[in-house]
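Worksheet: one structure, shown below.
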Amino acid sequence: MTTPSPTVPLRQQLFRVKPVPKPGAEGSELKRSIGLFQLTMIGVGGTIGTGIFFILSEAVPIAGPAVIWSFIIAGVVAGLSVLCYAELAGAVPVSGSSYSYAYTTLGELPAMGVAACLLLEYGVSTAAVAVGWSQYVNQLLNNLFGVQLPHALSYAPEEGGVVNLPAIALIAMCAFILIRGTSHSAITNTIMVVIKIAVLLFFIAVGMTGWNADHFANFAPFGFAGVMTGAGLIFFSFVGLDAVATAGDEAKNPRRNLPIALISALVIVTTVYVLVALTGLGAQETDKFAGQSAGLSAILENIVGASWPGTVVAAGAVISIFSVTLVVLYGQTRILFAMSRDGMAPKIFQRVHPRTKTPVANTIIVAAIVSVLAGVLPINFLAEMTSIGTLAAFLVVSIAVIVLRRREPDLDRSFRVPLYPVIPILSIIGCLWIIKDLRPITIIVFVIWTAIVLVWYFFTGRKNSALAHRPIDTRTEDAL
């Protein structure tokens, strides 16, 4: 264990920054095997399915048909943040996403705060989507074979069950694929993304045949407050876009491909979300969404009067949500890999298998912890915790763009945020606006969790930091 020099003031230790890697000097222990199309599919695969297959049953009762605006608001805020991610991904093309960006701009202590957000965003969202997957597995089994898994083995204790076994099984399967190798994982994800988009287009085509404009009559029954609360919950559905940025160490030509993949994924995801939400609302009365399990399948079954369309959607959802779990589990392991390399997490998280070039022990540990969350916690709590972690991470990235522009104006950037500094400032405001409408318990749990991570940093990470015996760079203070 190393100890920072006693002559270095505490304030300088807390805000020391990592140097920005020079073009062509981004070395990596991991294998660069992911091209532009696969990077884009990581963003799409990690996002579509995270929410759209089951989030309507949670958001429509809160916002009514005006949930359309909730989707648009969440998408705009996510879009502003993605533009900021794109600039930083092109300037700092390494694994770790917003954690690494904060480390090179704001300093070590803020980076650990972001790490707390990312552990929520990726770890908790992996559990959340796995819980949603189990609902569609039951729907598919019922449609195909007329059987369902016992309630005790497919729901959390709070929902009257004992353990969500399908969710745990999904996480185990994804961990196995990730351990085999990144190129295998990327190919598997790309195939699943193509299938999921085809299934959602099928839902739109069939759903439009049941369109009824009267379903939009009482458009905003809970007013603007309901729309914003819905946006906070729906923001969970945009988790996964920034997973592209976690692949910095494994992307080919990262300075060019990371920004393009981020923006391309955003456009695809937002378009699909709005179309699916419009179709669902036009095909089903608002009051039927509450508590509806495997909602998209149920909507089609009601329209056609037969189970086969629902079976198609349920099968698509099973494949789709599988790919989401694969991507967010991947993102979590790569963030911990970056933290471990910096001395901010135990060394076991950076150990790479010599044959597969993947962090095997890291993947197994993360999968085990996430499996516990997925097995015993209900989906609504998991979704909100994911949203606040994502929003906080997006907020910091927007701040980091401003800091890095002022600190290193001549840095090579393959993409620049348009209308600077308007876009980053609007992104910051949008994130704060949605956060304020989340439930108090969500914010309280988030604050407690962040405090725990920062205590870990102060007593352990600070002393083990890879920068502990390097010259201190505190230019962040001059940039603020």
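The values are calculated or read from the model by the stated rules, or taken from the named source; none is laboratory data. Nothing here was measured: the structure is a model prediction, and the numbers come from that model. Don't worry about glycine lacking a Cβ; one is built from the backbone with ideal geometry, like all the others, and counts go over all protein chains shown.
Somewhere in region 300-312, is a residue of a type outside the set (Lys, Arg), surrounded by fewer than 18 Cβ atoms within 10 Å (Cβ to Cβ) and on the phi > 0 side of the Ramachandran plot?
Within region 300-312, one or more residues are of a type outside the set (Lys, Arg), surrounded by fewer than 18 Cβ atoms within 10 Å (Cβ to Cβ) and on the phi > 0 side of the Ramachandran plot.
Would you confirm whether any residue within region 249-258 is surrounded by 24 or more Cβ atoms within 10 Å (Cβ to Cβ), in contact with a Pro (Cβ under 8 Å, 6 or more places away or on another chain) and at pLDDT 85 or above?
No, there is no match, as no residue in region 249-258 is surrounded by 24 or more Cβ atoms within 10 Å (Cβ to Cβ), in contact with a Pro (Cβ under 8 Å, 6 or more places away or on another chain) and at pLDDT 85 or above.
In a loop (DSSP other than H, G, I, E, B) and either touching a Ser or Thr at 6+ places or on another chain (Cβ under 6 Å) or not acidic (Asp, Glu) (or both): is that true of Thr358 in this structure?
Working: in a loop (DSSP other than H, G, I, E, B): yes; either touching a Ser or Thr at 6+ places or on another chain (Cβ under 6 Å) or not acidic (Asp, Glu) (or both): yes.
So Thr358 fits the description; yes.
Out of Leu149, Leu144, Leu153, report the one residue that is surrounded by 13 or more Cβ atoms within 10 Å (Cβ to Cβ), at pLDDT below 85 and either more than 19 Å from Ala127 (Cβ to Cβ) or touching a Leu at 6+ places or on another chain (Cβ under 6 Å) (or both).
Numbers: Leu149 fails: either more than 19 Å from Ala127 (Cβ to Cβ) or touching a Leu at 6+ places or on another chain (Cβ under 6 Å) (or both); Leu144 fails: surrounded by 13 or more Cβ atoms within 10 Å (Cβ to Cβ).
Going through Leu149, Leu144, Leu153 in turn, just one is surrounded by 13 or more Cβ atoms within 10 Å (Cβ to Cβ), at pLDDT below 85 and either more than 19 Å from Ala127 (Cβ to Cβ) or touching a Leu at 6+ places or on another chain (Cβ under 6 Å) (or both): Leu153.
Which residue out of Ala186, Ala261, Ala225 is over 23 Å from Gly375 (Cα atoms), in a helix (DSSP H, G or I) and touching a strand residue (DSSP E or B) at 6+ places or on another chain (Cβ under 6 Å)?
That would be Ala186, the only listed residue that is over 23 Å from Gly375 (Cα atoms), in a helix (DSSP H, G or I) and touching a strand residue (DSSP E or B) at 6+ places or on another chain (Cβ under 6 Å).
Let me confirm something: among Val366, Val372, which residue is part of a helix (DSSP H, G or I) and buried (at least 22 other Cβ atoms within 10 Å of the Cβ)? If you could, list the steps in order and put the result at the bottom.
Details: Val372 fails: buried (at least 22 other Cβ atoms within 10 Å of the Cβ).
Residue meeting the stated conditions: Val366.
Taking into account only those residues within region 78-93 that are assigned to a helix (DSSP H, G or I) and over 18 Å from the mean Cα position of the chain (by Cα), which is nearest to Asp410 (Cα to Cα)? Walk me through how you get there before you give the answer.
Here is the first cut: in region 78-93, the ones assigned to a helix (DSSP H, G or I) are 78-91.
Checking which are over 18 Å from the mean Cα position of the chain (by Cα) leaves us with 87, 90-91.
Values: Glu87: 13, Gly90: 14, Ala91: 11 Å.
Top of the filtered list is Ala91.
Looking at (1) over 21 Å from Trp433 (Cβ atoms); (2) assigned to a helix (DSSP H, G or I); (3) of a type in the set (A, V, I, L, M), which is the one condition that is false for Val67?
It fails just one condition, (1).
So, of the residues in region 259-269 that are β-branched (Val, Ile, Thr) and surrounded by fewer than 23 Cβ atoms within 10 Å (Cβ to Cβ), which turns out to be farthest from the chain's Cα centre (by Cα)? Can you show your working first?
First, pick out the residues of region 259-269 that are β-branched (Val, Ile, Thr): 260, 263, 267-269.
Remaining after also requiring surrounded by fewer than 23 Cβ atoms within 10 Å (Cβ to Cβ): 260, 263, 267-268.
Values: Ile260: 18, Ile263: 15, Val267: 16, Ile268: 16 Å.
Filtering region 259-269 for residues that are β-branched (Val, Ile, Thr) and surrounded by fewer than 23 Cβ atoms within 10 Å (Cβ to Cβ), the one farthest from the chain's Cα centre (by Cα) comes out as Ile260.
Given the conditions (1) in contact with a Leu (Cβ under 8 Å, 6 or more places away or on another chain); (2) closer than 25 Å to Ile234 by Cα, report the number of the one that Glu108 does not fulfil.
(2)
Within region 296-309, is even one residue within 30 Å of Val94 (Cβ to Cβ), touching a residue at least 60 places away in the same chain (Cβ under 8 Å) and not in a helix (DSSP H, G or I)? Working first, answer last.
Keep residues of region 296-309 that are within 30 Å of Val94 (Cβ to Cβ), which gives none.
The answer is no, given that none of the residues of region 296-309 is within 30 Å of Val94 (Cβ to Cβ), touching a residue at least 60 places away in the same chain (Cβ under 8 Å) and not in a helix (DSSP H, G or I).
Give the residue, chosen from Ser387, Ser427, that is in contact with a Cys (Cβ under 8 Å, 6 or more places away or on another chain), among the polar types (S, T, N, Q) and either crowded, with 24+ Cβ neighbours inside 10 Å or part of a helix (DSSP H, G or I) (or both). Show your work before the answer.
Working: Ser387 fails: in contact with a Cys (Cβ under 8 Å, 6 or more places away or on another chain).
Within the list Ser387, Ser427, the selection yields Ser427.
Do the conditions hold for Phe235, that is, is it within 22 Å of the chain's Cα centre (by Cα), assigned to a helix (DSSP H, G or I) and crowded, with 24+ Cβ neighbours inside 10 Å? Let's see the steps before the verdict.
Numbers: within 22 Å of the chain's Cα centre (by Cα): yes; assigned to a helix (DSSP H, G or I): yes; crowded, with 24+ Cβ neighbours inside 10 Å: yes.
So Phe235 passes the test.
In region 272-293, which residue that is touching a Ser or Thr at 6+ places or on another chain (Cβ under 8 Å) and assigned to a loop (DSSP other than H, G, I, E, B) is surrounded by the most Cβ atoms within 10 Å (Cβ to Cβ)?
Filtering region 272-293 for residues that are touching a Ser or Thr at 6+ places or on another chain (Cβ under 8 Å) and assigned to a loop (DSSP other than H, G, I, E, B), the one surrounded by the most Cβ atoms within 10 Å (Cβ to Cβ) comes out as Phe289.
What are the residue pairs meeting all of these: first residue in region 111-136, first residue touching a residue at least 12 places away in the same chain (Cβ under 8 Å) and among the charged types (D, E, K, R), second residue crowded, with 24+ Cβ neighbours inside 10 Å and assigned to a helix (DSSP H, G or I), Cβ atoms under 7 Å, and 6 or more apart or on different chains?
Once the first residue is touching a residue at least 12 places away in the same chain (Cβ under 8 Å) and among the charged types (D, E, K, R) and sits in region 111-136, its partners that are crowded, with 24+ Cβ neighbours inside 10 Å and assigned to a helix (DSSP H, G or I) give Glu121/Thr386; Glu121/Gly389; Glu121/Thr390; Glu121/Ala393.
Taking interchain pairs and intrachain pairs at least six residues apart, which have beta carbon atoms under 8 angstrom, with the first residue in region 370-382 and farther than 17 Å from Leu438 by Cβ and the second in a loop (DSSP other than H, G, I, E, B) and at pLDDT 80 or above?
Once the first residue is farther than 17 Å from Leu438 by Cβ and sits in region 370-382, its partners that are in a loop (DSSP other than H, G, I, E, B) and at pLDDT 80 or above give Gly375/Val163; Val376/Val163.
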